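Each remark here refers to the structure printed beneath this line.
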Amino acid sequence: IESSENDFYYIPSDSLPDNYFNSSNAKIVNTDYPTKLNIGFSKKIDLQKLVVCDISVGFDNSFMNKQKWRFALGYEFGSQKFPLRCGFSYGGYDGKSIGVGFGYNFGGYSMDFGLNYKGSYSYGSSTGYDIGLDFYWMKI
């Protein structure tokens, strides 16, 4: 696993032999505590509108954490079959970001797609982007 500071970390596993990473310069990671704290809430306005707020902070600077507070606000609207999403965040590992996404629910299955611009609230001056795609089965 590689972090943003180019440090390599090895998380011990019971399925790998003890000497598997002996030739690497990986640092062993032992965490007996959570590495990130998330506090959030959501408010369903009606069947087709949802507001979500999240405040988080990392306890270390590894695994996409940053020891900086992050505030995020999101909004979901549209139909239950085709929800649309938008949101923004400030702080944390990427400073500020804005994202959009949508979902498609068909039968007992769902698909979600999201696009996030990092480092800015505009496409032209962003420093990078994240793309997410998710498929899952929903128990009805």
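The label-point distance for TRP69 and TYR136, in a model that sets each label 7 Å from Cα toward Cβ, rounds to 2.9 nm.
Taking 7 Å steps out from each Cα toward its Cβ at CYS86 and ASP112 produces label points 1.9 nm apart.
Among 87-94, 127-134, 45-52, the peptide with the highest mean count of other Cβ atoms within 10 Å heads the list, and the full ranking is 87-94, 45-52, 127-134. The alpha-carbon of LYS43 sits under 24 angstrom from the alpha-carbons of these lysines, leaving out residues fewer than 8 places away in its chain: LYS81, LYS96, LYS139. Under a point spin-label approximation (7 Å from Cα along Cα-to-Cβ), what is the SER125-ASP60 distance to one decimal in nm? Each label point is offset 7 Å from its Cα along the Cβ direction, giving 3.5 nm.
Each reported figure results from applying straightforward, stated rules to the coordinates on display, with no laboratory input. Keep in mind it's a predicted model, so treat the numbers as computed, not measured. Neighbour counts are summed over all protein chains in view; Cβ atoms, including those assigned to glycine, are modelled from backbone coordinates with ideal geometry.
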